[in-house]
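Reading through the structure tokens given below for one structure.
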Number of protein chains: 2
Amino acid sequence: MKPTQSRKEGARIAALAGGVGASKLLLGLYHECHPKKLTIIANTGDDIVLHGLKISPDLDIITYTLAGIVNSAKGWGFRGETFHALKRLSVFGRETWFNLGDRDLATHIHRTALLGEGKTLAEAADSIRIALGVKARILPMSNQPVPTIIETREGALHFQEYLVKRRSEPVVRGIRFAGVESAEPAPGVLEAIREAGRILICPSNPLISIGPILAVPGIREALRARKRDVLAVCPIVGGKSLKGPSDRMLAQLGHEVSARGVARLYADFAGIFVVDPADKAQVASIRSLGMEVVVMPTVMNTLPQKRALARALLTLMP
Amino acid sequence: MKPTQSRKEGARIAALAGGVGASKLLLGLYHECHPKKLTIIANTGDDIVLHGLKISPDLDIITYTLAGIVNSAKGWGFRGETFHALKRLSVFGRETWFNLGDRDLATHIHRTALLGEGKTLAEAADSIRIALGVKARILPMSNQPVPTIIETREGALHFQEYLVKRRSEPVVRGIRFAGVESAEPAPGVLEAIREAGRILICPSNPLISIGPILAVPGIREALRARKRDVLAVCPIVGGKSLKGPSDRMLAQLGHEVSARGVARLYADFAGIFVVDPADKAQVASIRSLGMEVVVMPTVMNTLPQKRALARALLTLMP
């Protein structure tokens, strides 16, 4: 009954997120809603240990983006980064296919040191985002490592090997999240889903960004219980992924490469599905899956576009 | 009987060494003798774990010096180094009193990763010096950590805290090498001492550079057995240390701050003691300790001075 006041304060939002794609929308939201009302639940299936350092790419991409220090041309890493340490690592014969910048290394060293001292990944993520001045909560999906393994024609590859080292070239035959059966949601994850006014599924790869989060025991069930309030933004527009290998992976695994194809993967837990006007023709068939469908521009190349989509989504929130 | 040929090939040399002071002479030797004949036994009492990274300052100073990549103005670290990662570590509230450059970090990351994979410190040191093209063998005194603890009026400090963080200001009451009783010489150390034509004690701090090496069970005994061939270059000239806090520490621990004071610490295992002309007046009293004394210029500020001392020492070798 007091729409202005409630809009200003806003309900709590929980957002499931991968890396670069999600961060565009999260940056818009971070500008448009009260940052303390936002809890981000990040994919950690991409995490990898390289040179003994624990690297959490999606956590860092989100944190750097909201902290305003990300290299916005690439969507990851530090702005104005240098790579002196990496060049020296190659002198020692170490693999350097994963780009580790000098400033970025400090994050991995800090996180690895905290884990070595017995802190959890969630505590490390919190230490990092607080140090970088990010006011939204950023939680890993789980404190336990759940590496995403891509089964390809050339054998099993860690997701980062598939994506970065092999540039998504090997044909995908399956995806698994190693050890996920015994993983638990990080403290606060289920509470955030339970207590949020709306739960947002960011426009990330459904298979290897949102998929690992959904696979952590208890998370998909918690979303199903909130289905009416779960709002998913489709990462496939006009049959193509805006970023990364989503389209290719969907096709190779026998899914329809379309908004509807993604909607099918989310139909059991997402009550509201947001598609771009480019996919208007699929609205009726997506509705038949038992979801509300909202059509609005979802392509975000500029900050105004990110903020505009965030504002439009906020109008759908209680 | 074939002096020219034997000079050219040269006998094997084993050199006990600390960091910056020793590296001056080692660089001269590296130029003047066959590098493959040289085995360096480095102090690792200075080693420290910071931010989860295993740092071996003396091993690195020696390796970087012989590889020609050291910052020669400082005597440690990389030439043309940057400190971007360190600045970011400070953002995370981590201690930054120990200067870790971006290029240098790669060495510590590589060493820490190798140790994490089950390699020994000696294997890590070998990997590093080979990658950097150093042809002399560089051995840690021991594969086990033996941290040098400085007992001061303000409590016990790790040597690096005393030296770097506290700039050698606290008054020293004692020195101990934690865990040295159960440490073993690294593989090859005792063999190098046994098989060398001459064993050189570099002009390093006798208490905290050479002292820790001597404290590893078996090393001092091995040197005593070779006393006739052990040649020590005095690090105190004219009653002052050329580098670092040797003079201050000697005084605070009740030793005579002079060439003779150092000679007394080495008299049981060093047969030949090399002093600078500045200390000629002490020759007779050092001889009375049961050592041969050789007088030659030992101050090395330039590469020609380093090479000249190395050449002069080589004339004393078999």
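The values are calculated or read from the model by the stated rules, or taken from the named source; none is laboratory data. Predicted model only: the values in this text are computed from it and were never measured. Virtual Cβ from ideal backbone geometry, glycine too; neighbours counted across all protein chains shown.
Among the residues of the stretch A:169-178, which ones are part of a loop (DSSP other than H, G, I, E, B) and either surrounded by 14 or more Cβ atoms within 10 Å (Cβ to Cβ) or among the hydrophobic types (A, V, I, L, M, F, W, C) (or both)? Steps first, please.
Here is the first cut: in the stretch A:169-178, the ones part of a loop (DSSP other than H, G, I, E, B) are A:169-171, A:178.
Of everything in the stretch A:169-178, those that are part of a loop (DSSP other than H, G, I, E, B) and either surrounded by 14 or more Cβ atoms within 10 Å (Cβ to Cβ) or among the hydrophobic types (A, V, I, L, M, F, W, C) (or both) turn out to be A:Pro170, A:Val171, A:Ala178.
In the stretch B:112-124, what residues are closer than 13 Å to B:Ala42 by Cβ and within 12 Å of chain A (Cβ to nearest Cβ)? Before the answer, list the steps.
Looking only at the stretch B:112-124, we keep the residues that are closer than 13 Å to B:Ala42 by Cβ, and these are B:121-122, B:124.
Answer for the stretch B:112-124, where residues must be closer than 13 Å to B:Ala42 by Cβ and within 12 Å of chain A (Cβ to nearest Cβ): just B:Ala124.
Are any of the residues in the stretch A:88-107 among the polar types (S, T, N, Q) and within 14 Å of A:Leu132 (Cα to Cα)?
Within the stretch A:88-107, the subset among the polar types (S, T, N, Q) is A:90, A:96, A:99, A:107.
Pick out the ones that are also within 14 Å of A:Leu132 (Cα to Cα) and you get A:107.
The answer is yes, given that some residue of the stretch A:88-107 is among the polar types (S, T, N, Q) and within 14 Å of A:Leu132 (Cα to Cα).
Can you tell me which residues in the stretch B:253-267 are of a type in the set (Gly, Ala, Ser) and not in a loop (DSSP other than H, G, I, E, B)?
Within the stretch B:253-267, B:Ala259, B:Gly261, B:Ala263 qualify.
If the requirement is being modelled with pLDDT of 95 or more and closer than 28 Å to B:Leu190 by Cα, which of these qualifies: B:Pro217, B:Pro297?
On the way: B:Pro297 fails: closer than 28 Å to B:Leu190 by Cα.
After ruling out the rest, the residue left standing is B:Pro217.
Filter the stretch B:37-51 for residues that are within 12 Å of chain A (Cβ to nearest Cβ) and either buried (at least 20 other Cβ atoms within 10 Å of the Cβ) or farther than 18 Å from B:Ala106 by Cβ (or both) and give the result. Full working, then the answer.
From the stretch B:37-51, those within 12 Å of chain A (Cβ to nearest Cβ) are B:49-51; that's our starting set.
Within the stretch B:37-51, just B:His51 meets the criteria.
Scan the stretch B:53-71 residue by residue and report those that are among the small types (Gly, Ala, Ser) and either assigned to a helix (DSSP H, G or I) or surrounded by fewer than 21 Cβ atoms within 10 Å (Cβ to Cβ) (or both).
We begin by selecting, within the stretch B:53-71, every residue among the small types (Gly, Ala, Ser); these are B:56, B:67-68.
Listed by number, the residues that qualify are B:Ala67, B:Gly68.
Please tell me if B:Arg311 is under 19 Å from the mean Cα position of the chain (by Cα), within 20 Å of B:Gly197 (Cα to Cα) and among the charged types (D, E, K, R).
Details: under 19 Å from the mean Cα position of the chain (by Cα): no; within 20 Å of B:Gly197 (Cα to Cα): yes; among the charged types (D, E, K, R): yes.
For B:Arg311, the condition - under 19 Å from the mean Cα position of the chain (by Cα), within 20 Å of B:Gly197 (Cα to Cα) and among the charged types (D, E, K, R) - is not met.
Only one of (1) closer than 15 Å to A:Ala267 by Cα; (2) without any contact (Cβ under 8 Å) to a residue 12 or more places away in the chain; (3) not in a helix (DSSP H, G or I) is not met by A:Glu221, so which one is it?
(3)
Looking at the stretch A:25-47, is at least one residue of a type in the set (A, V, I, L, M, F, W, C) and modelled with pLDDT under 95?
Of the stretch A:25-47, the ones of a type in the set (A, V, I, L, M, F, W, C) are A:25-27, A:29, A:33, A:38, A:40-42.
Checking which are modelled with pLDDT under 95 leaves us with A:33.
Checked the stretch A:25-47: at least one residue is of a type in the set (A, V, I, L, M, F, W, C) and modelled with pLDDT under 95.
Determine, yes or no, whether B:Leu250 is under 21 Å from the mean Cα position of the chain (by Cα), surrounded by fewer than 16 Cβ atoms within 10 Å (Cβ to Cβ), farther than 14 Å from B:Cys202 by Cα and not acidic (Asp, Glu). Let's see the steps before the verdict.
Numbers: under 21 Å from the mean Cα position of the chain (by Cα): yes; surrounded by fewer than 16 Cβ atoms within 10 Å (Cβ to Cβ): no; farther than 14 Å from B:Cys202 by Cα: yes; not acidic (Asp, Glu): yes.
So B:Leu250 does not fit the description; no.
Out of everything in the stretch B:212-232 that is touching a Lys or Arg at 6+ places or on another chain (Cβ under 7 Å), among the aliphatic types (A, V, I, L, M) and farther than 15 Å from B:Thr148 by Cα, what residue ends up being surrounded by the most Cβ atoms within 10 Å (Cβ to Cβ)?
Among residues in the stretch B:212-232 that are touching a Lys or Arg at 6+ places or on another chain (Cβ under 7 Å), among the aliphatic types (A, V, I, L, M) and farther than 15 Å from B:Thr148 by Cα, the one surrounded by the most Cβ atoms within 10 Å (Cβ to Cβ) is B:Leu231.
Have a look at A:Arg88, A:Arg94, A:Arg103, A:Arg79 and point out the one that is without any contact (Cβ under 8 Å) to a residue 12 or more places away in the chain, facing chain B (nearest Cβ under 7 Å) and of a type in the set (Lys, Arg).
Values: A:Arg94 fails: without any contact (Cβ under 8 Å) to a residue 12 or more places away in the chain; A:Arg103 fails: without any contact (Cβ under 8 Å) to a residue 12 or more places away in the chain; A:Arg79 fails: facing chain B (nearest Cβ under 7 Å).
None of the others qualify; the one that does is A:Arg88.
Taking the stretch A:127-153, which residues are within 12 Å of another protein chain (Cβ to nearest Cβ), surrounded by fewer than 21 Cβ atoms within 10 Å (Cβ to Cβ) and either touching a Lys or Arg at 6+ places or on another chain (Cβ under 9 Å) or assigned to a helix (DSSP H, G or I) (or both)?
Passing the criteria: A:Ser127, A:Ile130, A:Ala131.
Every residue, every condition in (1) within 23 Å of B:Gly75 (Cβ to Cβ); (2) surrounded by fewer than 23 Cβ atoms within 10 Å (Cβ to Cβ), yes or no:
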| position | (1), (2) |
| --- | --- |
| B:Glu161 | yes, yes |
| B:Val180 | no, yes |
| B:Ile199 | no, no |
| B:Glu256 | no, yes |
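Checking A:Lys74 against (1) touching a strand residue (DSSP E or B) at 6+ places or on another chain (Cβ under 9 Å); (2) away from chain B (no Cβ under 12 Å); (3) part of a loop (DSSP other than H, G, I, E, B), only one condition comes out false. Which one?
(1)
Quick one: in the stretch A:182-200, which of the residues that are in a helix (DSSP H, G or I) and not basic (Lys, Arg) is farthest from A:Ala22 (Cα to Cα)?
Taking the stretch A:182-200 first, the residues in a helix (DSSP H, G or I) are A:182, A:189-195.
Restricting the remaining residues to those that are not basic (Lys, Arg) gives A:182, A:189-193, A:195.
Working: A:Ser182: 26, A:Val189: 17, A:Leu190: 20, A:Glu191: 21, A:Ala192: 18, A:Ile193: 17, A:Glu195: 21 Å.
Looking at residues that are in a helix (DSSP H, G or I) and not basic (Lys, Arg), I get A:Ser182.
Assess whether A:Leu86 counts as being touching a Leu at 6+ places or on another chain (Cβ under 6 Å) and part of a helix (DSSP H, G or I).
Details: touching a Leu at 6+ places or on another chain (Cβ under 6 Å): yes; part of a helix (DSSP H, G or I): yes.
It is true that A:Leu86 is touching a Leu at 6+ places or on another chain (Cβ under 6 Å) and part of a helix (DSSP H, G or I).
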